[in-house]
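Everything below concerns the one structure shown next.
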Amino acid sequence: MKIIIIITIALLLIHVTSSSASAQVLINEVHLNTSGNSSQWVELYNTGDEDVNITSWSIAPLSDPTKERAIDQFCRLPADPALKATEDRTLSPRGFFVLEAPAEEEGTKASWLLTREETLILRDREGAEVDRTPILRDLNRSGCSWGRYPDGSPNWDFMISTKGGPNSGEKPFFCIEGYVLNDFDGVFLAGWRIILRNAAGLAIATARTDKSGQYRFCDLLPGTYTLCEIEREGWRSLAETCIEVELKCQDVIVDDFVNVPLSCIKGRTIHDFDGKALPGWTIVLKDAAGTEISRNVTDKFGEYKFCDLVPSTYTVCEEVREGWTNVIETCIEVDLEYNDVAVEDLVNVPVSHISDSNANVEPDEGDGEILLDSTTSIGDVTRAGIGSTTSATTGSG
(Lines give C-alpha, C1' and ligand atoms only; values in the text may rest on other atoms or scores of the structure.)
Protein backbone atom coordinates (compact mmCIF):
# COMPACT_ATOMS: atom_id res chain seq x y z
CA MET A 1 0.00 0.00 0.00
CA LYS A 2 2.80 2.36 0.95
CA ILE A 3 4.54 1.56 -2.33
CA ILE A 4 1.42 2.49 -4.33
CA ILE A 5 1.11 5.76 -2.46
CA ILE A 6 4.76 6.61 -3.05
CA ILE A 7 4.44 5.84 -6.78
CA THR A 8 1.30 7.93 -7.03
CA ILE A 9 2.95 10.88 -5.30
CA ALA A 10 5.97 10.55 -7.56
CA LEU A 11 3.80 10.59 -10.66
CA LEU A 12 1.93 13.64 -9.38
CA LEU A 13 5.20 15.42 -8.72
CA ILE A 14 6.40 14.59 -12.23
CA HIS A 15 3.13 15.89 -13.68
CA VAL A 16 3.27 19.08 -11.58
CA THR A 17 6.90 19.62 -12.53
CA SER A 18 6.11 19.00 -16.20
CA SER A 19 3.13 21.34 -16.07
CA SER A 20 5.21 23.97 -14.32
CA ALA A 21 7.93 23.68 -16.96
CA SER A 22 5.34 23.86 -19.72
CA ALA A 23 3.86 27.00 -18.23
CA GLN A 24 7.25 28.66 -18.64
CA VAL A 25 6.91 28.59 -22.45
CA LEU A 26 4.93 31.35 -24.14
CA ILE A 27 4.19 32.55 -27.65
CA ASN A 28 6.37 35.67 -27.66
CA GLU A 29 6.16 37.09 -31.18
CA VAL A 30 4.06 36.44 -34.31
CA HIS A 31 4.73 37.54 -37.87
CA LEU A 32 1.60 37.39 -40.04
CA ASN A 33 2.88 39.01 -43.20
CA THR A 34 3.45 36.86 -46.32
CA SER A 35 4.15 39.57 -48.91
CA GLY A 36 7.43 39.98 -50.74
CA ASN A 37 10.13 37.75 -49.30
CA SER A 38 8.40 37.37 -45.94
CA SER A 39 6.83 34.24 -44.54
CA GLN A 40 4.79 33.60 -41.45
CA TRP A 41 6.60 32.60 -38.29
CA VAL A 42 6.04 32.19 -34.57
CA GLU A 43 8.57 32.77 -31.82
CA LEU A 44 8.40 30.87 -28.53
CA TYR A 45 10.14 32.07 -25.37
CA ASN A 46 11.11 30.15 -22.23
CA THR A 47 10.53 32.45 -19.26
CA GLY A 48 11.77 29.91 -16.73
CA ASP A 49 15.10 28.67 -15.41
CA GLU A 50 14.84 25.12 -16.75
CA ASP A 51 15.09 23.48 -20.14
CA VAL A 52 11.76 22.56 -21.69
CA ASN A 53 11.47 19.86 -24.34
CA ILE A 54 8.73 20.95 -26.72
CA THR A 55 8.92 17.95 -29.00
CA SER A 56 5.43 16.94 -30.20
CA TRP A 57 3.93 20.22 -29.04
CA SER A 58 1.67 22.00 -31.54
CA ILE A 59 0.38 25.41 -32.59
CA ALA A 60 -3.15 25.87 -33.92
CA PRO A 61 -4.77 28.95 -35.53
CA LEU A 62 -8.17 29.62 -34.02
CA SER A 63 -9.45 30.67 -37.46
CA ASP A 64 -9.00 27.11 -38.75
CA PRO A 65 -8.23 24.39 -36.17
CA THR A 66 -7.63 21.91 -39.01
CA LYS A 67 -4.40 23.80 -39.72
CA GLU A 68 -2.91 22.82 -36.37
CA ARG A 69 0.79 22.10 -36.90
CA ALA A 70 3.08 19.96 -34.81
CA ILE A 71 6.21 21.86 -33.89
CA ASP A 72 8.19 19.03 -35.45
CA GLN A 73 6.83 20.15 -38.84
CA PHE A 74 8.50 23.54 -38.64
CA CYS A 75 11.96 24.67 -39.56
CA ARG A 76 13.90 25.82 -36.52
CA LEU A 77 15.40 29.31 -36.57
CA PRO A 78 17.49 31.41 -36.05
CA ALA A 79 20.43 29.23 -34.97
CA ASP A 80 20.79 28.27 -38.62
CA PRO A 81 18.18 29.35 -41.18
CA ALA A 82 18.96 26.25 -43.21
CA LEU A 83 18.55 23.89 -40.25
CA LYS A 84 15.61 21.53 -40.70
CA ALA A 85 13.53 19.77 -38.10
CA THR A 86 15.45 17.63 -35.62
CA GLU A 87 14.37 15.25 -32.87
CA ASP A 88 15.79 17.52 -30.18
CA ARG A 89 13.31 20.34 -29.55
CA THR A 90 14.65 21.68 -26.28
CA LEU A 91 14.10 25.29 -25.36
CA SER A 92 16.75 26.60 -22.98
CA PRO A 93 16.04 29.08 -20.13
CA ARG A 94 15.41 32.63 -21.45
CA GLY A 95 15.83 31.13 -24.87
CA PHE A 96 13.97 31.75 -28.13
CA PHE A 97 12.68 29.19 -30.56
CA VAL A 98 11.47 30.44 -33.98
CA LEU A 99 9.16 28.28 -36.02
CA GLU A 100 9.01 29.08 -39.73
CA ALA A 101 5.69 28.12 -41.29
CA PRO A 102 6.11 25.50 -44.01
CA ALA A 103 4.83 26.32 -47.49
CA GLU A 104 1.66 24.47 -48.39
CA GLU A 105 3.06 23.80 -51.83
CA GLU A 106 6.57 23.98 -53.14
CA GLY A 107 7.27 27.43 -54.57
CA THR A 108 4.33 29.11 -52.81
CA LYS A 109 4.08 31.12 -49.62
CA ALA A 110 2.34 29.61 -46.64
CA SER A 111 -1.17 30.84 -45.99
CA TRP A 112 -1.24 29.23 -42.60
CA LEU A 113 -2.47 32.23 -40.62
CA LEU A 114 -5.06 34.87 -41.49
CA THR A 115 -3.76 38.42 -41.64
CA ARG A 116 -7.14 40.06 -41.09
CA GLU A 117 -7.73 38.39 -37.69
CA GLU A 118 -5.94 35.55 -35.98
CA THR A 119 -5.44 33.95 -32.56
CA LEU A 120 -2.81 31.27 -31.93
CA ILE A 121 -3.02 28.46 -29.39
CA LEU A 122 0.06 26.61 -28.08
CA ARG A 123 -0.52 23.05 -26.85
CA ASP A 124 1.83 20.57 -25.20
CA ARG A 125 2.29 16.94 -26.27
CA GLU A 126 -0.78 15.91 -24.28
CA GLY A 127 -2.97 18.48 -26.05
CA ALA A 128 -3.28 20.77 -23.05
CA GLU A 129 -3.41 24.48 -23.83
CA VAL A 130 -0.21 26.16 -22.67
CA ASP A 131 -0.68 29.67 -24.09
CA ARG A 132 -3.02 31.70 -26.25
CA THR A 133 -2.46 35.03 -28.03
CA PRO A 134 -4.93 37.90 -28.18
CA ILE A 135 -6.53 38.68 -31.57
CA LEU A 136 -3.78 39.74 -33.97
CA ARG A 137 -4.17 41.65 -37.25
CA ASP A 138 -1.89 42.86 -40.06
CA LEU A 139 -4.23 44.01 -42.79
CA ASN A 140 -1.52 46.07 -44.46
CA ARG A 141 0.96 43.19 -44.66
CA SER A 142 3.39 45.56 -43.04
CA GLY A 143 6.36 43.30 -42.43
CA CYS A 144 6.21 44.14 -38.70
CA SER A 145 5.21 41.76 -35.93
CA TRP A 146 3.00 41.40 -32.90
CA GLY A 147 4.99 40.69 -29.77
CA ARG A 148 5.18 40.80 -26.00
CA TYR A 149 7.13 43.63 -24.47
CA PRO A 150 9.09 43.04 -22.37
CA ASP A 151 9.63 39.42 -23.43
CA GLY A 152 7.22 37.07 -21.68
CA SER A 153 5.03 39.88 -20.31
CA PRO A 154 1.25 39.92 -20.79
CA ASN A 155 1.51 43.13 -22.84
CA TRP A 156 1.19 42.70 -26.60
CA ASP A 157 2.01 45.42 -29.11
CA PHE A 158 2.67 45.93 -32.81
CA MET A 159 6.40 46.53 -33.25
CA ILE A 160 9.44 46.18 -35.45
CA SER A 161 10.32 42.51 -35.82
CA THR A 162 13.16 41.07 -33.75
CA LYS A 163 13.03 37.51 -35.02
CA GLY A 164 14.75 35.07 -32.65
CA GLY A 165 15.87 37.74 -30.18
CA PRO A 166 14.60 40.01 -27.41
CA ASN A 167 11.67 42.18 -28.46
CA SER A 168 12.67 45.83 -28.76
CA GLY A 169 9.23 47.29 -28.24
CA GLU A 170 10.14 49.82 -30.91
CA LYS A 171 7.00 51.25 -32.45
CA PRO A 172 6.74 50.83 -36.22
CA PHE A 173 6.76 54.50 -37.14
CA PHE A 174 8.44 55.21 -40.44
CA CYS A 175 9.01 57.90 -43.03
CA ILE A 176 8.10 58.47 -46.68
CA GLU A 177 10.34 60.88 -48.54
CA GLY A 178 11.10 62.00 -52.06
CA TYR A 179 12.10 64.87 -54.35
CA VAL A 180 10.56 67.20 -56.93
CA LEU A 181 12.74 67.67 -60.01
CA ASN A 182 12.89 70.06 -62.96
CA ASP A 183 13.38 67.68 -65.87
CA PHE A 184 14.71 70.40 -68.19
CA ASP A 185 17.90 71.21 -66.27
CA GLY A 186 17.95 68.54 -63.53
CA VAL A 187 17.57 71.11 -60.75
CA PHE A 188 15.47 70.12 -57.74
CA LEU A 189 12.50 72.40 -57.07
CA ALA A 190 12.02 74.14 -53.74
CA GLY A 191 8.68 75.23 -52.27
CA TRP A 192 6.66 72.56 -54.06
CA ARG A 193 3.58 71.45 -52.11
CA ILE A 194 2.99 67.72 -51.49
CA ILE A 195 -0.13 66.19 -49.92
CA LEU A 196 -0.19 62.86 -48.07
CA ARG A 197 -3.43 60.85 -48.12
CA ASN A 198 -4.31 57.71 -46.17
CA ALA A 199 -5.86 54.53 -47.55
CA ALA A 200 -9.32 56.13 -47.37
CA GLY A 201 -8.15 59.02 -49.56
CA LEU A 202 -8.27 61.59 -46.77
CA ALA A 203 -5.53 64.22 -46.64
CA ILE A 204 -3.63 63.73 -43.38
CA ALA A 205 -0.55 65.92 -43.89
CA THR A 206 1.08 68.43 -46.22
CA ALA A 207 4.69 69.40 -46.76
CA ARG A 208 6.75 71.70 -48.95
CA THR A 209 10.02 70.80 -50.56
CA ASP A 210 13.10 72.40 -49.04
CA LYS A 211 15.88 74.14 -50.95
CA SER A 212 17.20 70.75 -52.06
CA GLY A 213 13.77 69.80 -53.45
CA GLN A 214 13.15 67.20 -50.73
CA TYR A 215 9.97 66.53 -48.77
CA ARG A 216 9.48 64.10 -45.89
CA PHE A 217 6.56 62.65 -43.91
CA CYS A 218 7.42 60.76 -40.71
CA ASP A 219 5.81 59.08 -37.70
CA LEU A 220 3.70 56.96 -40.05
CA LEU A 221 2.37 53.51 -39.24
CA PRO A 222 2.70 50.80 -41.89
CA GLY A 223 -0.09 50.99 -44.43
CA THR A 224 -1.11 52.28 -47.83
CA TYR A 225 -0.60 55.96 -48.55
CA THR A 226 -0.84 58.23 -51.58
CA LEU A 227 1.45 61.18 -52.29
CA CYS A 228 0.19 63.93 -54.60
CA GLU A 229 2.02 66.98 -55.84
CA ILE A 230 0.05 70.18 -56.33
CA GLU A 231 0.50 71.29 -59.93
CA ARG A 232 1.76 74.82 -60.46
CA GLU A 233 0.70 77.25 -63.13
CA GLY A 234 3.36 77.42 -65.80
CA TRP A 235 4.56 73.86 -65.16
CA ARG A 236 3.63 70.41 -66.38
CA SER A 237 4.25 67.03 -64.80
CA LEU A 238 5.98 64.45 -66.98
CA ALA A 239 4.89 61.57 -64.75
CA GLU A 240 1.97 60.75 -62.48
CA THR A 241 1.01 63.56 -60.13
CA CYS A 242 0.03 60.99 -57.46
CA ILE A 243 2.08 58.00 -56.27
CA GLU A 244 0.74 55.14 -54.17
CA VAL A 245 3.10 53.91 -51.47
CA GLU A 246 3.02 50.65 -49.51
CA LEU A 247 4.76 51.53 -46.25
CA LYS A 248 6.02 48.43 -44.49
CA CYS A 249 8.51 48.07 -41.66
CA GLN A 250 11.07 50.43 -43.14
CA ASP A 251 11.38 53.95 -44.50
CA VAL A 252 10.48 54.46 -48.16
CA ILE A 253 12.03 56.76 -50.77
CA VAL A 254 9.61 57.19 -53.66
CA ASP A 255 10.28 58.07 -57.28
CA ASP A 256 10.83 61.73 -58.11
CA PHE A 257 7.97 63.99 -59.12
CA VAL A 258 9.26 65.32 -62.45
CA ASN A 259 8.09 68.62 -63.90
CA VAL A 260 9.06 70.95 -66.73
CA PRO A 261 8.46 74.69 -67.16
CA LEU A 262 5.93 75.71 -69.78
CA SER A 263 6.73 78.44 -72.29
CA CYS A 264 5.21 80.24 -75.27
CA ILE A 265 6.02 80.59 -78.95
CA LYS A 266 4.76 83.84 -80.42
CA GLY A 267 5.06 85.79 -83.64
CA ARG A 268 3.15 87.77 -86.24
CA THR A 269 2.16 87.74 -89.89
CA ILE A 270 2.68 90.94 -91.89
CA HIS A 271 2.29 92.46 -95.36
CA ASP A 272 5.65 92.73 -97.11
CA PHE A 273 4.93 96.03 -98.92
CA ASP A 274 3.88 98.18 -95.99
CA GLY A 275 4.58 96.00 -92.90
CA LYS A 276 0.94 96.10 -91.86
CA ALA A 277 -0.56 93.29 -89.81
CA LEU A 278 -2.41 90.45 -91.47
CA PRO A 279 -5.28 89.44 -89.13
CA GLY A 280 -7.25 86.23 -89.51
CA TRP A 281 -4.27 84.27 -90.78
CA THR A 282 -4.22 80.61 -89.69
CA ILE A 283 -1.01 79.43 -88.00
CA VAL A 284 -0.34 75.74 -87.29
CA LEU A 285 2.00 74.37 -84.59
CA LYS A 286 3.65 70.97 -85.08
CA ASP A 287 5.70 68.87 -82.68
CA ALA A 288 9.13 67.39 -83.32
CA ALA A 289 7.55 64.48 -85.18
CA GLY A 290 5.72 66.83 -87.54
CA THR A 291 2.30 66.15 -86.04
CA GLU A 292 -0.08 69.07 -85.70
CA ILE A 293 -0.73 69.78 -82.05
CA SER A 294 -2.45 73.17 -82.20
CA ARG A 295 -3.58 75.95 -84.48
CA ASN A 296 -4.31 79.62 -83.96
CA VAL A 297 -5.58 82.64 -85.90
CA THR A 298 -3.75 85.94 -85.90
CA ASP A 299 -5.50 88.77 -84.08
CA LYS A 300 -6.10 92.30 -85.34
CA PHE A 301 -2.43 93.05 -84.83
CA GLY A 302 -1.43 90.03 -86.91
CA GLU A 303 -0.09 88.31 -83.81
CA TYR A 304 -0.39 84.68 -82.72
CA LYS A 305 0.75 82.80 -79.62
CA PHE A 306 1.05 79.14 -78.53
CA CYS A 307 1.52 78.63 -74.80
CA ASP A 308 1.77 75.85 -72.20
CA LEU A 309 4.51 74.17 -74.22
CA VAL A 310 7.20 71.95 -72.74
CA PRO A 311 10.80 72.41 -73.89
CA SER A 312 11.20 70.72 -77.26
CA THR A 313 11.58 71.38 -80.99
CA TYR A 314 8.50 72.75 -82.73
CA THR A 315 7.58 73.98 -86.20
CA VAL A 316 5.36 77.00 -86.87
CA CYS A 317 3.63 77.02 -90.26
CA GLU A 318 1.33 79.61 -91.82
CA GLU A 319 -1.49 78.79 -94.17
CA VAL A 320 -0.91 79.13 -97.89
CA ARG A 321 -3.64 81.54 -98.89
CA GLU A 322 -4.87 81.86 -102.44
CA GLY A 323 -3.83 85.12 -104.04
CA TRP A 324 -0.85 85.58 -101.74
CA THR A 325 2.79 84.60 -101.89
CA ASN A 326 5.03 84.05 -98.89
CA VAL A 327 8.24 86.07 -99.10
CA ILE A 328 10.16 83.74 -96.76
CA GLU A 329 9.62 80.12 -95.71
CA THR A 330 6.07 79.16 -94.82
CA CYS A 331 7.36 77.05 -91.91
CA ILE A 332 9.87 78.04 -89.21
CA GLU A 333 11.55 75.57 -86.84
CA VAL A 334 11.75 76.68 -83.21
CA ASP A 335 13.91 75.25 -80.41
CA LEU A 336 11.95 76.04 -77.27
CA GLU A 337 13.89 75.83 -74.04
CA TYR A 338 13.28 77.56 -70.73
CA ASN A 339 11.88 80.94 -71.86
CA ASP A 340 9.31 82.26 -74.33
CA VAL A 341 10.45 82.52 -77.94
CA ALA A 342 9.47 85.20 -80.46
CA VAL A 343 9.98 83.89 -83.98
CA GLU A 344 10.70 86.00 -87.02
CA ASP A 345 7.77 87.49 -88.93
CA LEU A 346 5.89 85.48 -91.49
CA VAL A 347 5.89 87.85 -94.45
CA ASN A 348 3.40 87.73 -97.32
CA VAL A 349 2.54 89.75 -100.40
CA PRO A 350 -0.51 89.69 -102.69
CA VAL A 351 0.15 88.08 -106.06
CA SER A 352 -1.66 91.03 -107.73
CA HIS A 353 0.93 93.46 -106.37
CA ILE A 354 3.71 91.43 -107.91
CA SER A 355 1.90 91.40 -111.28
CA ASP A 356 1.16 95.14 -111.10
CA SER A 357 4.74 96.02 -110.29
CA ASN A 358 6.01 93.97 -113.19
CA ALA A 359 3.43 95.55 -115.52
CA ASN A 360 4.48 99.08 -114.54
CA VAL A 361 8.08 98.53 -115.62
CA GLU A 362 8.39 99.87 -119.20
CA PRO A 363 11.27 98.33 -121.16
CA ASP A 364 13.78 100.95 -122.39
CA GLU A 365 14.95 101.01 -125.93
CA GLY A 366 17.84 98.67 -126.27
CA ASP A 367 16.78 96.65 -123.17
CA GLY A 368 18.46 93.32 -123.23
CA GLU A 369 21.45 94.59 -125.24
CA ILE A 370 24.42 96.76 -124.23
CA LEU A 371 26.60 98.35 -126.84
CA LEU A 372 30.17 98.96 -125.84
CA ASP A 373 32.79 100.89 -127.73
CA SER A 374 36.44 100.01 -127.76
CA THR A 375 37.09 102.00 -124.58
CA THR A 376 34.23 100.59 -122.45
CA SER A 377 34.53 97.46 -120.30
CA ILE A 378 32.00 95.18 -118.67
CA GLY A 379 33.21 96.35 -115.25
CA ASP A 380 32.34 99.95 -116.15
CA VAL A 381 28.83 98.91 -116.93
CA THR A 382 28.50 97.08 -113.63
CA ARG A 383 29.80 100.04 -111.67
CA ALA A 384 27.34 102.26 -113.49
CA GLY A 385 24.50 100.23 -111.95
CA ILE A 386 23.25 98.24 -114.88
CA GLY A 387 24.30 95.07 -113.12
CA SER A 388 23.66 92.51 -115.83
CA THR A 389 23.65 92.14 -119.55
CA THR A 390 21.97 89.98 -122.06
CA SER A 391 24.56 90.50 -124.74
CA ALA A 392 27.43 92.84 -125.46
CA THR A 393 29.31 94.02 -128.55
CA THR A 394 32.45 96.08 -128.87
CA GLY A 395 33.08 98.93 -131.26
CA SER A 396 36.02 97.07 -132.76
CA GLY A 397 33.60 94.61 -134.28
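The values are calculated or read from the model by the stated rules, or taken from the named source; none is laboratory data. Keep in mind that what you see is a predicted model, and the values were worked out from it rather than measured. Virtual Cβ from ideal backbone geometry, glycine too; neighbours counted across all protein chains shown.
Yes or no: region 192-210 includes at least one residue that is without any contact (Cβ under 8 Å) to a residue 60 or more places away in the chain, small (Gly, Ala, Ser) and either surrounded by 15 or more Cβ atoms within 10 Å (Cβ to Cβ) or within 28 Å of residue 336 (Cα to Cα) (or both).
yes
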*asked:* Let me spell it out: the conditions are (1) under 27 Å from the mean Cα position of the chain (by Cα); (2) of a type in the set (S, T, N, Q); (3) surrounded by fewer than 18 Cβ atoms within 10 Å (Cβ to Cβ), and residue 263 meets all of them except one. Which number is the exception?
replied: (3)
*Only one of these conditions is not met by residue 357: (1) polar (S, T, N, Q); (2) in a loop (DSSP other than H, G, I, E, B); (3) at pLDDT 50 or above. Which number is it?*
(2)
*Members of region 239-249 found to be closer than 16 Å to residue 178 by Cα and not acidic (Asp, Glu), listed by number*: 239, 241, 242, 243, 245, 247
*Criterion: more than 24 Å from the chain's Cα centre (by Cα) and either free of Cβ contacts under 8 Å to residues at least 12 places away in the same chain or surrounded by 15 or more Cβ atoms within 10 Å (Cβ to Cβ) (or both) - qualifying residue of 233, 240, 292*: 292
*Applying the selection to region 139-189, what residues are hydroxyl-bearing (Ser, Thr, Tyr) and either touching a strand residue (DSSP E or B) at 6+ places or on another chain (Cβ under 8 Å) or part of a strand (DSSP E or B) (or both)?*
142, 145, 149, 161, 162, 168, 179
_Take the conditions assigned to a strand (DSSP E or B) and under 18 Å from the mean Cα position of the chain (by Cα) and apply them to residue 199. Does it pass?_
no
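Could you tell me which of the residues 125, 89 is at pLDDT 85 or above, of a type in the set (Lys, Arg) and more than 19 Å from residue 39 (Cβ to Cβ)?
On the way: 89 fails: at pLDDT 85 or above.
Checking each option against the conditions leaves just 125.
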*Hey, which of the strands (runs of 3 or more DSSP E) in region 256-295, taking only ones fully inside, have at least 1 residues that are within 17 Å of residue 332 (Cα to Cα)?*
263-271, 282-286
*Residue by residue through region 311-344, note down the ones that are in a loop (DSSP other than H, G, I, E, B), closer than 25 Å to residue 236 by Cβ and out of contact with any Phe, Trp or Tyr (no Cβ under 8 Å at 6 or more places or on another chain).*
339, 340, 343
*Report, by residue number, each residue of region 132-146 that is modelled with pLDDT of 95 or more and crowded, with 18+ Cβ neighbours inside 10 Å.*
133
